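Asks: A single structure is presented below for examination.
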Amino acid sequence: MPANITFYKLHQVLQIVMGWGGYHLFGFYIDKNILISIPDPTAPFFKCLNAKRKKLNEYFEKEGDKIRYLYDFGDSWEHEIKLKKILSVDQRMKHPVCIKGERGCPPEDCGGTGGYEDLLEIIMDPEHEEYEEKTCWLGDNFDTEGFDIDVINAILKKVKFR
């Protein structure tokens, strides 16, 4: 990712990689005092810096720098984002690229980590009273192990840096 993209663009990329729809609130926590998100004029108590204006290079300065990304304040999907390596700029790069990944992501709105654990237990037991309901809700494409980097990168091609 280029250092000069916004946190909002990073949020969009994370949503694609996770296979989520992006319709919940999110926030990047730089430390206990700095939250970067989308300001809500109807909630003046919710103080944050605007994710559409703040850029990564304002907070990621050296390899090893970390922030927390929280998605869906109800389910509370929390991720640590760490600057692993600073590379020279490749002007030919026009979109983000996923270079590695494994396993399928939890489905959105499954209830956070606890809800996901419950869901996995249910779908592994065809005799469970909620088995039919949950497998119907998940659909035919849910795969706990599935990670297709080619599909993710094809979708990421639509996300332009500029």
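The values are calculated or read from the model by the stated rules, or taken from the named source; none is laboratory data. These figures come from a predicted structure and were not determined experimentally. Here the Cβ is made from the backbone with ideal geometry for all residues, glycine too, and neighbour counts use every protein chain on show. Note: areas computed on protein heavy atoms with side chains; ligands, DNA, RNA excluded. Shrake-Rupley method; radii C 1.70, N 1.55, O 1.52, S 1.80 Å.
Asks: Restrict the search to region 97-162; then list the GluC sites (Glu not before Pro) that DSSP places in a loop and that have at most 12 other Cβ atoms within 10 Å of their Cβ.
Replies: Passing sites in region 97-162 are Glu102, Glu127, Glu129, Glu145.
Asks: Separate question: Is region 78-133 best put as rounded, prolate or oblate by its Cα gyration tensor, with a ≥ b ≥ c the root eigenvalues, rounded for a/c under 1.5, and otherwise prolate when a/b is larger than b/c, oblate when not?
Replies: Verdict is prolate for region 78-133.
Asks: With 10 Å bins from zero, work out the P(r) of the chain over every alpha carbon pair and list the percent per bin.
Replies: Spelled out bin by bin, the chain gives 9, 33, 34, 18, 6, 0 percent.
Asks: Hey, what did the chain get for relative contact order, percent, Cα under 8 Å, at least 6 apart?
Replies: Numbers: 216 pairs, mean separation 37.8, N = 162.
23 percent.
Asks: For the chain, what does the helix formula give at 222 nm: sum of -39500 (n - 2.57) over DSSP H segments with n ≥ 4, over the residue count, nearest 500 deg cm²/dmol?
Replies: Taking each H run of at least 4 residues, the total per residue is -7000 deg cm²/dmol.
Asks: Rolling a 1.4 Å sphere over the protein heavy atoms, what is the accessible area per residue of the chain, to the nearest Å²?
Replies: 68
Asks: Same structure, new question: Percent of accessible area on region 42-88 owned by carbon and sulfur, 1.4 Å probe?
Replies: C and S fraction of accessible area: 50 percent.
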